[in-house]
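The values are calculated or read from the model by the stated rules, or taken from the named source; none is laboratory data. If you're wondering where the values come from, they're calculated on a predicted model, not measured in any experiment. Cβ: placed from backbone, ideal geometry, glycine included. Neighbour counts: every protein chain shown.
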Amino acid sequence: MVLLAAVALTTLIASGATRLRFTALAFFAVSIAANVIAAGATTAAQAAVLAVAGLAASGILFVAARDGEYGEDPGWRLWVATLIAVVATPAAFASFRTITADVPELALFPSDNATVVVQVAAFWLLSSGTAILVTARGAVRTSLGALLMLTGVQLLMRYAPGPQLELTIAVAWVEVVVALTGAFLIVNERAVRE
Amino acid sequence: MPLQLLAAMAPIVFLLRKRVVIAAPLTLLTLAVATALVALAPDAASSQILSLQLTITPLGRLAIVALLVILAAIVLDVWLDEPAYNFFPTALGVGAVVVAVLLLTTPLATYSILLVGLLLPVGSFTFQIHRNRSVEAAIRHFAFVSLGGTIGLAALALAESLPRDQPQSTFVLLVVVLYVAFALKLAVIPFHTHAALLAAEAPATALALFFGVLTPMTVIAFAQILMQSALLPSIVQLTKVQDLLLGIGGLSAIGGALLATGATDLRRLVVCSVISDLGMALVGVGTFSGPGIVGGIAIALATGASATQQLLAAGTLERRADGGPPRAARAPMAAAVFVAGGIGLIGAPPVVAFPGRFYVELMAYSFATWLGAALVIATVLLLIAQLRVAFGLFSEGLPSWRPERRPVAGVVGGLIFAALLAGGIAPDAFLRPIAAFAEEFLRALRPL
C-alpha cells in the first residue's frame, strides 16, 4: 500500500511540475516505484530493461529541457487531470480487474506483488496519463502523459502469457521512441515560441 | 532478413542523410532488395527474433510488397522533386516497421512496433517551423497516436492477462476499447481533428508516408491483431458491439465524404477522401464476413496507393502554383495523375479498388439498408468532391498537353495508376491472398 501511495504521489508531482527537468526526475521516480510494486512478477533481466528504459526516457526529457527554467505550467489542467484520474481509476478497476474468489492480502509495508495492487497501480497510471494527454496543450505534458501510460502498460503486461522479456523490450522501445519524439517536439516548440 | 536489412540500413542512411546523392539511391536499393526478399520467400517461411516468431503469410507478402513499393515511389519523389534529407532514414524505419508488423505473430509485439511506426513520421511533419503551424500539427498527431496507441496496448495486455473465466462483458468492453484505440490512430471520424491540421500544415510527401503507407498497414494490423488475440469469439455473441463497429465505420465513411465535398485545397480533399475510405474499410472488417473482410483490406491497400498518387501530384501542383491556386496549365501531367488518383479513391472500375468497394457495399446492404445506402451516398459524395476539384484544376483551360519540366510526380503517379489498372484487370492475384486471410479470420471468429 505504501508503494501504491508512492506511485500516486510521484505521479502527482510529475503532473504538477512546472519545470521540465523536474518533470523528468519525477517520472523516473514513478518508473522506479511502479517497478518495485511489481518486483515479485519481474525477472532480473526484465527489471534491468525497465530500469534502463525509465532512465533513458527521463534522461532524454532532461536533456531536451536544455536549462533548468524551461517547462509548462499546468495551471488548471493539473486539477482537472487529477480529478479525471481519481474518477477513472476505480471505474477502470471495477470494469477490468481480475475477479477471483480469494480475498487479496493488502500488506502495508512490504513490496507486494498481489495482482490487485499491481492492477490498481496500472489503472492509476493509465487514468492519470489519459487525463494529462486529454488536457495537454503542449509537447511537455503530452510526452509525460504518454510515458505514464506506457509505465502502466508495462505493469499490466507482467501477467500476460508469452515471451515476457521480449514484450518488455518491445514496450521499452516504444517508451524510448515516445521520449525521443516528445523531445524533438519540445525543442521545436521552444524554437517557435522564442 | 528483410527486417534486419531495413533496420540496419536506417541508422547508416541517417549518418549519410545530408549527402542526398548517396542516401537516396541507397534507400531505394535497400527497399528494392527487401521487397525482392519478401516476394521470393516461400509461403509460411518463418524465423525468430529472440523468441518472437515471424511468419510470411500470403496477405503479409502482398501487403509488404505493395507498401514497400509505395514507399519507394515516395522516396523517389522526395529525392528528385522535393529534397528533404531527413526523409530517407525515416522511410527505411517505416519500411522495417511495415515488415515487422505484417510478419510478427505475437499481438502485443505487433502492436508495440505499430505504435513506433506511427510515431516515426513526426520528424517529417515539421518543416519551416517559423512560417507555419506544422509543429502544432505534429504535437496533435503525437497526442492522438500516443493516446490511441497506449490505450490499445493496455486493452490488449489486459485481454491477454485476464483468465478466460472472467465475465464476458469485460472482454466485450476490451474489444470496444481496442476499436476506439485504432479509430484514434487512423483518424477516422469523430477522431479526425488532428488530420485536418496535418493536411493543411505538413508537407505532401510526409502526408503520403502516413496516409499512403502507415494507415493501410494499421487497418491490416487491426484485423490481424483481432484474430491473433483470441478476442473475436467474445464479439460474435453481442450484436450491439458489431452495430457500434459498423456505426463508427459508416459515420466515418459518410462524414469523410461530406468533408471532402467542402475541401478547399487538394491535400485536404485527399485526406478527407482517405478518412471516408478507411471508414468503409472498417465497415468491411466489422461485418465479420468473408467478402466484407476481403473488401475492407482491399480498400485499405488500394486507398494507400491512390492517396500517395494524389498527394505527390498535389505537392507538385502547389509548388508550381507559386502561392496562387493550383492549375493544370502549370503542371499538366501532375494534374492528369491527380484526377486519375481520384478514380482510385472513389473505387470506380476498372481500377483494383472497385471489387473491394463492391464487396463491402454488398455486405453492408445485407446487414442493414441504411448502412448500405450510407456507403453508396459516401461514394457519390466523393465523386462530386473529386469532380469539383478536377474542374477547378482545369478551369483555365490547358494551353498545351506537353508535360511539365521534371514531371516526377506525374511519372510516379502514372506508374501507380498503371499498377492499379493492372490489378483491376486481373483482380484474382490481388484478392486471393486477402481471401486466404479472411478464411483464417472466420475460423478464429467461430472456433469449432
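The figures follow:
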| quantity | calculated |
| --- | --- |
| The range B:44-65, residues that are of a type outside the set (S, T, N, Q), within 14 Å of chain A (Cβ to nearest Cβ) and surrounded by fewer than 19 Cβ atoms within 10 Å (Cβ to Cβ) | B:Ile49, B:Leu50 |
| A:Ala160, sole failed condition from (1) assigned to a helix (DSSP H, G or I); (2) more than 21 Å from A:Ala26 (Cα to Cα); (3) hydrophobic (A, V, I, L, M, F, W, C) | (1) |
| Subset of the range A:132-144 [more than 7 Å from chain B (Cβ to nearest Cβ) and surrounded by 24 or more Cβ atoms within 10 Å (Cβ to Cβ)] | A:Ile132, A:Val140, A:Arg141, A:Ser143, A:Leu144 |
| Flag if A:Leu9 is hydrophobic (A, V, I, L, M, F, W, C), part of a helix (DSSP H, G or I) and touching a residue at least 12 places away in the same chain (Cβ under 8 Å) | no |
| Test for B:Ile129: is it under 23 Å from A:Arg190 (Cα atoms), at pLDDT 90 or above and within 7 Å of another protein chain (Cβ to nearest Cβ) | no |
| Options B:Ala24, B:Ala44: the member that is of a type in the set (A, V, I, L, M, F, W, C) and in a helix (DSSP H, G or I) | B:Ala24 |
| Number of positions in the range A:145-158 that are facing chain B (nearest Cβ under 8 Å), among the aliphatic types (A, V, I, L, M) and under 10 Å from the mean Cα position of the chain (by Cα) | 4 |
| Matching option when the condition is in a helix (DSSP H, G or I) and more than 30 Å from B:Glu404 (Cβ to Cβ), among B:Val145, B:Val69, B:Val75 | B:Val145 |
| Enumeration of residues in the range A:39-70 that are farther than 16 Å from A:Val187 by Cβ and basic (Lys, Arg) | none |
| B:Leu68, sole failed condition from (1) surrounded by fewer than 24 Cβ atoms within 10 Å (Cβ to Cβ); (2) over 23 Å from A:Leu144 (Cβ atoms); (3) within 19 Å of the chain's Cα centre (by Cα) | (1) |
| Long-range neighbours under 7 Å by Cβ, at least six apart or interchain, first residue free of Cβ contacts under 8 Å to residues at least 40 places away in the same chain within the range A:128-156, second part of a loop (DSSP other than H, G, I, E, B) and of a type in the set (Gly, Ala, Ser) | A:Gly145/A:Ala136 |
| Condition check for B:Ala314: touching a residue at least 24 places away in the same chain (Cβ under 8 Å), within 19 Å of B:Gly212 (Cα to Cα), buried (at least 24 other Cβ atoms within 10 Å of the Cβ) and touching a Lys or Arg at 6+ places or on another chain (Cβ under 7 Å) | yes |
| Leading residue by the ranking (surrounded by the fewest Cβ atoms within 10 Å (Cβ to Cβ)) among those in the range A:159-173 that are closer than 25 Å to A:Ser15 by Cβ and facing another protein chain (nearest Cβ under 8 Å) | A:Trp173 |
| Candidate set from the range B:148-158 (those that are buried (at least 24 other Cβ atoms within 10 Å of the Cβ) and at the interface with another protein chain (Cβ under 9 Å from one of its Cβ atoms)); member that is farthest from the chain's Cα centre (by Cα) | B:Leu158 |
| Boolean, B:Gly284 is within 14 Å of B:Val360 (Cα to Cα), in contact (Cβ under 8 Å) with a residue 12 or more places away in the chain and either among the β-branched types (Val, Ile, Thr) or surrounded by fewer than 22 Cβ atoms within 10 Å (Cβ to Cβ) (or both) | no |
| Members of the range B:319-335 found to be in contact (Cβ under 8 Å) with a residue 24 or more places away in the chain and surrounded by fewer than 21 Cβ atoms within 10 Å (Cβ to Cβ), listed by number | B:Arg319, B:Arg320, B:Pro325, B:Arg327, B:Ala329, B:Arg330 |
| Selected residue (only one of B:Ser146, B:Ser169, B:Ser161 is more than 26 Å from B:Ala314 (Cβ to Cβ) and at pLDDT 85 or above) | B:Ser146 |
| The one condition in (1) within 19 Å of A:Ala57 (Cα to Cα); (2) more than 9 Å from chain B (Cβ to nearest Cβ); (3) free of Cβ contacts under 8 Å to residues at least 40 places away in the same chain that A:Arg193 fails to fulfil | (1) |
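For every residue, the table says whether it meets (1) surrounded by 14 or more Cβ atoms within 10 Å (Cβ to Cβ); (2) within 30 Å of B:Ser289 (Cα to Cα).
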{"residue": "B:Leu381", "(1), (2)": "yes, yes"}
{"residue": "B:Ser400", "(1), (2)": "no, no"}
{"residue": "B:Pro403", "(1), (2)": "yes, no"}
{"residue": "B:Pro407", "(1), (2)": "yes, no"}
{"residue": "B:Leu420", "(1), (2)": "yes, yes"}
{"residue": "B:Gly423", "(1), (2)": "yes, yes"}
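Listed here are the residues, each with its yes/no results for (1) surrounded by 21 or more Cβ atoms within 10 Å (Cβ to Cβ); (2) among the hydrophobic types (A, V, I, L, M, F, W, C); (3) in contact with an Asp or Glu (Cβ under 9 Å, 6 or more places away or on another chain).
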position: A:Thr23; (1), (2), (3): yes, no, yes
position: A:Ala45; (1), (2), (3): no, yes, no
position: A:Arg66; (1), (2), (3): no, no, no
position: A:Pro74; (1), (2), (3): yes, no, no
position: A:Ala85; (1), (2), (3): yes, yes, no
position: A:Ala88; (1), (2), (3): no, yes, no
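The rows are residues; the columns are (1) of a type in the set (Val, Ile, Thr); (2) within 20 Å of the chain's Cα centre (by Cα); (3) at the interface with chain A (Cβ under 7 Å from one of its Cβ atoms).
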| residue | (1), (2), (3) |
| --- | --- |
| B:Leu102 | no, yes, no |
| B:Pro107 | no, yes, no |
| B:Ser112 | no, yes, yes |
| B:Val116 | yes, yes, yes |
| B:Ala137 | no, yes, no |
| B:His141 | no, yes, no |
| B:Ser146 | no, yes, yes |
